[in-house]
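Report on the following structure.
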């Protein structure tokens, strides 16, 4: 029986997701990337260490769970070139190799401890993830229900956009002065400069560009809850508009967008509950944030009536305006209390990774949209045969 043209094709989405997840593992394993030193030990000396004297089930389970998605993604990424046992074996070897390198480099980090037990748990996680996904690879990528729904509901060749949209719920986990107020690293970088450095940098700019008095004057335009509602609206609208770009017109767009909102809120609630010392799961649900959730959802649903290009333009405009206000407005005075309640020391790499994603996501979205515009312009300028 002949194989259909769409069957047994490699998945670009799986390969791009694998690269992204590998980068996240590297970041989480080596964070905070500072204090490098040598103790006179070889990088692989940890392999001969005895078993740790103090062992917790949480450490082992978290290491296993952390590498299970990696093993599953390897199996999906190498399909159809390798399938079945070969794909599982490759996922196990790559997981062990990646974990071994991560642990070896941790020998030179003062805040991390290289452990052969972590290596074993990570390799086991990669093996389990690969073994679970391997029997369903064909159904997922070739002939299964998920594959059919993807072909029916979503546009092809949108793997990068799918990864970008899928990462947005995780970008919202880390506390922000205002709900969904992502991308405030320019403000954080500016505040790290001392007054002398700030004065030197401002000396190179026209006097009208000096922003010393702007935060207070801009904040006085509206009450703080209005600013929170506005920033929440702009960011939620941008995320939903981007998510809708890959959805076909005849797909159940409303249900998919509502599901996307539900997943985002569940991730936010779960992360807040786990990381909050007081066990609060909804401390982010202020009146302004709730109003922004409603307004952002309504605006995104109304924008579905527009063609894709105006939706993309509106998403880029919403992100750009939000970034200006997020980096310009003074921090909510209650934000320090939220950060104090957040367990910074627990899951140090998790907190650093979540914060990094929150900083980068809006700029990555704008870069993707700029790339699409450039490619469209190049295609239109290319001479037709």
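Looking at residue 68, is it crowded, with 18+ Cβ neighbours inside 10 Å and under 30 Å from residue 148 (Cα atoms)? So that I can check it myself, show each step before the final result.
On the way: crowded, with 18+ Cβ neighbours inside 10 Å: yes; under 30 Å from residue 148 (Cα atoms): yes.
Considered against the rule, which asks whether it is crowded, with 18+ Cβ neighbours inside 10 Å and under 30 Å from residue 148 (Cα atoms), residue 68 comes out as yes.
Scan the stretch 73-93 and tell me whether some residue there is over 18 Å from residue 19 (Cβ atoms), modelled with pLDDT of 90 or more, in contact with a helix residue (DSSP H, G or I) (Cβ under 6 Å, 6 or more places away or on another chain) and in a helix (DSSP H, G or I).
Yes: the stretch 73-93 contains one or more residues that are over 18 Å from residue 19 (Cβ atoms), modelled with pLDDT of 90 or more, in contact with a helix residue (DSSP H, G or I) (Cβ under 6 Å, 6 or more places away or on another chain) and in a helix (DSSP H, G or I).
So that you can scan it fast, the table gives a plain yes or no per residue for (1) more than 22 Å from residue 288 (Cβ to Cβ); (2) at pLDDT 85 or above:
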| residue | (1), (2) |
| --- | --- |
| 219 | no, no |
| 222 | no, no |
| 238 | no, yes |
| 262 | no, yes |
| 274 | yes, no |
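Just give me the residues in the stretch 28-47 being buried (at least 16 other Cβ atoms within 10 Å of the Cβ) and closer than 19 Å to residue 126 by Cβ, in sequence order. Give the derivation first.
Taking the stretch 28-47 as the starting set, the residues that turn out to be buried (at least 16 other Cβ atoms within 10 Å of the Cβ) are 28-31, 43, 46.
Across the stretch 28-47, the qualifying residues are 28, 29, 30, 46.
(1) at pLDDT 75 or above; (2) under 22 Å from the mean Cα position of the chain (by Cα): which one isn't true of residue 339, the others all being true?
The one condition residue 339 does not meet is (1).
Out of everything in the stretch 276-303 that is surrounded by 13 or more Cβ atoms within 10 Å (Cβ to Cβ) and in contact with a strand residue (DSSP E or B) (Cβ under 9 Å, 6 or more places away or on another chain), what residue ends up being modelled with the lowest pLDDT?
276
The values are calculated or read from the model by the stated rules, or taken from the named source; none is laboratory data. It should be emphasised that the depicted structure is a prediction, and the values quoted were computed from it without experimental measurement. Glycine gets a Cβ as well: all are built from the backbone with ideal geometry, and neighbour counts include every protein chain shown.
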